[in-house]
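A.B. asks: Take this structure, written in structure tokens, and hold onto it; I'll ask about it next.
Laboratory data are not the source of any read-out in this text; all were calculated from the coordinates shown. Since the model is a prediction, treat every value here as computed from it, not as a measurement. Please note: Cβ atoms are built from the backbone with ideal geometry, for glycine as well, and neighbour counts cover all protein chains shown.
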Amino acid sequence: MSYASSVLQPGETIKAVGRLHWIVFVRGFLLALIGAALLLYGYRTQRDARGDLASVLVIVGGLVLLVGLAMWLNAWFHRWITEIAVTTHRVIYKTGFIRRHTVEMNMDKVETVDVDQSLMGRLLGFGTIWVRGTGQSIESLRRVARPLELRNAITAG
């Protein structure tokens, strides 16, 4: 059961659910790919008996691969624990696993919803959303998938 589903009030329904875009995986994936390439190149040159440089490439490649995999796992975990929901009464943003951070804003308090998309964001379908209300605002929701759909769900009332 999602967090948003567990905190629904009587008569309240979920209109839209947002999530982080797959772009959050790219840094870790690219670093792991570079590490794997260094590792394979190091093994290949080591097999050809080229000596110390090959050993260094194997060690560096292995470390870069491990860091890339750790970054990828961190992105996966962050994407898994982040929840964005628009209900008929409020906007809900939740992140955290053991130490949870939630922000909720009633729909009648929402003044504007700003969407910021770079060129890459427009091409791949992600962006940053700011929900601004009377006297408060929800922190920026970065790398959100389909930000215009989420904005439309909030502003449709």
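A.B. asks: If contacts are Cα pairs under 8 angstrom and at least 6 residues apart, what is the relative contact order of the chain in percent?
C.D. replies: 23 percent
A.B. asks: So what is Rg over Rh here for the range 118-157, counting just Cα atoms and using Kirkwood for Rh?
C.D. replies: In the range 118-157, Rg relative to Rh is 1.02.
A.B. asks: Give the distance, in whole Å, between the Cα centre of the range 83-143 and the Cα centre of the range 1-71.
C.D. replies: Cα centroid to Cα centroid, the span is 26 Å.
A.B. asks: Could you go through the range 79-86 in sequence order and give the Karplus-derived ³J(HN,Hα) for each residue, using 6.51 cos²θ - 1.76 cosθ + 1.60 with θ = phi - 60°, rounded to whole Hz, and x for Gly and Pro?
C.D. replies: The phi angles translate into 5, 5, 8, 9, 9, 10, 9, 10 Hz.
A.B. asks: Also, I was wondering about something else. Could you check the spin-label model distance between Ser118 and Gln136? Points 7 Å from the Cα along Cα→Cβ, value in nm.
C.D. replies: Roughly 3.1 nm, to one decimal.
A.B. asks: Explain nothing, just the number: dipole magnitude of the chain about its Cα centre with +1 on each Lys and Arg Cβ and -1 on each Asp and Glu Cβ, in debye rounded to the nearest 20.
C.D. replies: Details: 18 positive and 11 negative charges, 55 e Å.
Using only the charged Cβ atoms, the result is roughly 260 debye.
A.B. asks: Among 91-100, 3-12, how do they line up by average Cβ neighbours within 10 Å per residue, starting with the highest?
C.D. replies: Averaged packing, sorted descending, gives the order 91-100, 3-12.
A.B. asks: What whole-number value in cubic angstrom gives the convex hull volume per residue for the C-alpha atoms of the range 25-77?
C.D. replies: Value for the range 25-77: 42 Å³ per residue.
A.B. asks: Let me ask something else about it. What spacing in nm lies between the two simple spin-label points modelled at Ile81 and Gln46, each 7 Å away from Cα in the Cβ direction?
C.D. replies: It works out to 3.5 nm between the two label points.
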